[in-house]
1. Starting from the range 306-332, take each residue that is at positive phi and list its partners that are in a helix (DSSP H, G or I) and not hydroxyl-bearing (S, T, Y), counting only C-beta distances under 9 angstrom and pairs at least six apart or across chains.
2. Take the range 42-77 and flag every residue that is of a type in the set (A, V, I, L, M, F, W, C) and crowded, with 22+ Cβ neighbours inside 10 Å.
3. Just name the residue that is surrounded by the fewest Cβ atoms within 10 Å (Cβ to Cβ) out of those in the range 1-20 that are over 24 Å from the mean Cα position of the chain (by Cα) and of a type in the set (D, E, K, R).
4. Any chance the range 284-294 includes a residue that's open to solvent by 80 Å² or more (accessible area, probe 1.4 Å), modelled with pLDDT of 95 or more, in a helix (DSSP H, G or I) and over 25 Å from S345 (Cα atoms)?
5. Go over the candidates L172, L164 one by one and state the one that is more than 16 Å from ligand 1 (Cβ to nearest atom), part of a helix (DSSP H, G or I), touching a helix residue (DSSP H, G or I) at 6+ places or on another chain (Cβ under 7 Å) and open to solvent by less than 40 Å² (accessible area, probe 1.4 Å).
6. Go through the range 349-370 and give me each residue that's away from ligand 3 (no atom under 11 Å from the Cβ) and not in a helix (DSSP H, G or I).
7. Looking at Q111, Q106 in this structure, which one is open to solvent by 30 Å² or more (accessible area, probe 1.4 Å), more than 19 Å from V158 (Cα to Cα) and touching a Lys or Arg at 6+ places or on another chain (Cβ under 6 Å)?
8. Is it fair to say A374 is under 23 Å from I295 (Cα atoms), open to solvent by less than 30 Å² (accessible area, probe 1.4 Å), within 14 Å of ligand 1 (Cβ to nearest atom) and in contact with a helix residue (DSSP H, G or I) (Cβ under 6 Å, 6 or more places away or on another chain)?
Amino acid sequence: MTQMKKLEDLIVRDKRVLVRVDFNVPIHNGRVTDELRIEAALPTIQYLLSQRAKVILASHLGRPDGKPDQKYSLEPVAVLLSKLLKREVLFLHDCVGEDIEEKVMQMRSGQVALLENLRYHAEEEAGDATFARGLANLGEVYVDDAFAVAHRAHASVVGVPKLLPHAAGKLLQAEVSTLTGLMAAPKKPFVAIIGGAKISDKIEFMKNLMKKADTIVISGAMANTFLAAQGHNMRESVLDKKGFAVAREILATAQRKNIEVILPVDVVVASSPSSKRTRTVTVGQLDDGDMALDIGPASTTNIHVALQDAQTIFWNGTLGYTEEEAFRTASTAVAKTIASSKALSVIGGGDTAGFIDSIGMNSKFGFVSTGGGAALELLSGKKLPAVVALSR
Ligand code: ADP
Ligand code: 3PG
Ligand code: MG
């Protein structure tokens, strides 16, 4: 297998280094509300600064549809980054053009600049070669540390490495080696917990998982689909009718391969996610109007038991509607069980990582991936365009 070129092998001293990061973070009232992706990029930035490089950071934020939109400005990120690095971060109001080139040429060794949102230009997502040239003009070398966007063949991740000496940053290296290692040779027993909402996003991953896992726990709205596919009336619960056939296929494969599948036996229901009136009911006993929004205590105990002997644990997708306090119980309990386990634990998925961060447990796991779609694609066995571009 070809290997990505590594940051540590790239000559960066006193050079202008264009660094693609993924600072696609939630921002509310001008403030970043989840810092995981920014903190995860610090080791690469700090390494570059220790080499006295001129660090030019480029990122996207949200989906502004190829035009400037203040809602998607990266300026709040520059403010936070400056605090985390304890040094000035120069914010530039665009990412290409003569004016930006001029400003970047004036940078001194050890200075940090953050460019405005790459997706203010439609050429970024189109993978446009001229736009890539405009970005490449800013740096003498290129470092990609943006794991979360590595599954997109966009100009800044696929076009720029064709034009500049390049390497993968520390985060990208760690993400790829941890997630590839997880699927290649997991220590057994390997228990995977899959929750979240949409089965269609996770089919390929679940199929690949069945080649390696000993136990698969299915939870969250994902479980609603499986339970309904088995014939249970899930009433108003969020589920994916189109996923019934796949759900049955996955259950049949698991049985054939002797993989243990743990589905909820009880659920916490309410009439809507914002309702405070909740009840715990056995699966099969939901009433008219009920939505299953978390798994119940008996189901949580079953997961706890399944995790006891695990040597490897992977968790993707929250076990309930964790946006509301009332439906965070199972996810919080399982997070604590995983944190106290001796197993190698890997957490994947944007919402799951965000949930872990919100309960202050980031540092309690072996590895928390910053990738959502990118992690799932890698775990499905697919080649990521950015990884391919850095391996040439
Ligand atoms: P990740 O981003 O970590 O891959 P997903 O996006 O697949 O995770 O799943 C997280 C989402 O699933 C959250 O928005 C959560 O509210 C939702 N979810 C989990 N369980 C339920 C449920 N029982 N009913 C409705 N939504 C749920
Ligand atoms: C993510 O948050 O998954 C990445 O930043 C990619 O964003 P995208 O799904 O808008 O391409
Ligand atoms: Mg999600």
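The values are calculated or read from the model by the stated rules, or taken from the named source; none is laboratory data. Computed from a prediction, not measured in an experiment: that's the story for all the values here. For neighbour counting, all protein chains shown are included, and Cβ atoms are generated from backbone atoms with ideal geometry for every residue, glycine included. Heads up: the accessible areas ignore ligands, DNA and RNA and are worked out on the full protein's heavy atoms, side chains in. Shrake-Rupley method; radii C 1.70, N 1.55, O 1.52, S 1.80 Å.
1. G317/G220; G317/A221; G317/M222; G317/D351
2. The initial filter retains those residues of the range 42-77 that are of a type in the set (A, V, I, L, M, F, W, C), namely 42, 45, 48-49, 53, 55-58, 61, 74, 77.
Correct list: I45, L48, A53, V55, I56, L57, A58, L61, L74, V77.
3. D9
4. no
5. Numbers: L164 fails: part of a helix (DSSP H, G or I).
Going through L172, L164 in turn, the sole match is L172.
6. We begin by selecting, within the range 349-370, every residue away from ligand 3 (no atom under 11 Å from the Cβ); these are 356-370.
The answer is I359, G360, M361, F365, G366, F367, V368, S369, T370.
7. Values: Q106 fails: touching a Lys or Arg at 6+ places or on another chain (Cβ under 6 Å).
Answer to the check: Q111.
8. On the way: under 23 Å from I295 (Cα atoms): no; open to solvent by less than 30 Å² (accessible area, probe 1.4 Å): yes; within 14 Å of ligand 1 (Cβ to nearest atom): yes; in contact with a helix residue (DSSP H, G or I) (Cβ under 6 Å, 6 or more places away or on another chain): yes.
Criteria not met by A374.
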